[in-house]
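Read the structure below first, then the notes.
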Amino acid sequence: MARRVAARARARAGGVPRSEGTIQDRARVGSGGAEDALDVFDELLRRGIGAPIRSLNGALADVARDNPAAAVSRFNRMARAGASMVTPTVHTYGILIGCCCSAGRLDLGFAALGHVVKKGFRVEPIIFNPLLKGLCADKRTDDAMDIVLRRMTELGCVPNVFSHTIILKGLCHENRSQEALELLHMIADD
């Protein structure tokens, strides 16, 4: 840890530049804590088009774990930078939606989902699962079931095992075990 702090200080002072591999490794490992995740994300965003989106998404996810508001702010910076710098992917939007939902702002999560659909991305369960968790946590399991059983398929998205598990947990937390069993039978029949 001390070496990393010293290397970061030298790099900021203009002494030893960080190598590209080092930044990507730090983005992939994600063990440097919240401050390091912020630094990695900012440095990757400065690189723009040369920064791999996978590394940016990894750094953004690390930021989101500790500080969802900071992750939303970083996403907005990424979006403002435009396609000439870096283009958010469906996974980037999934991280954003997760941040909105964990902050209790389902409305913003659904707004971000609207942007995904509007931009023509292929919709995947990674986009819906944070919304499902948020709805179930808010005791709106019926709305979550509607999304899984109807809305996802309308958008060409097949619910995955995590989507169903979220619904099953929501039903069980609401003491609706009979409905959970019916859903299990329906899933097994498919």
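Each reported figure results from applying straightforward, stated rules to the coordinates on display, with no laboratory input. Not measured: the values here are computed from a predicted model. Here Cβ is always computed from backbone atoms with ideal geometry, including for glycine, and neighbour counts include all displayed protein chains.
Figures for the structure shown
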| quantity | calculated |
| --- | --- |
| Whole-angstrom gap from the stretch 164-190 to the stretch 79-110, using each part's C-alpha centre | 29 |
| Formal net charge of residues neighbouring residue 111 (Cβ-Cβ distance under 14 Å; K, R +1; D, E -1) | +2 |
| Only Lys, Arg (+1) and Asp, Glu (-1) charged, at Cβ; the stretch 116-177 dipole about Cα centre in debye | 160 |
| Net charge of neighbours whose Cβ lies under 14 Å from the Cβ of residue 81, counting Lys and Arg as +1 and Asp and Glu as -1 | +3 |
| Proximal lysines relative to residue 169, as straight alpha-carbon distance under 27 Å, when same-chain residues fewer than 8 apart are discounted | 133, 139 |
| For the stretch 51-166, with +1 on Lys and Arg beta carbons and -1 on Asp and Glu, the positive-most of 92, 129, 166 along the dipole | 92 |
| Within the stretch 112-142, backbone nitrogen closer than 16 Å to the virtual label 7 Å beyond the Cα of residue 177 toward Cβ | none |
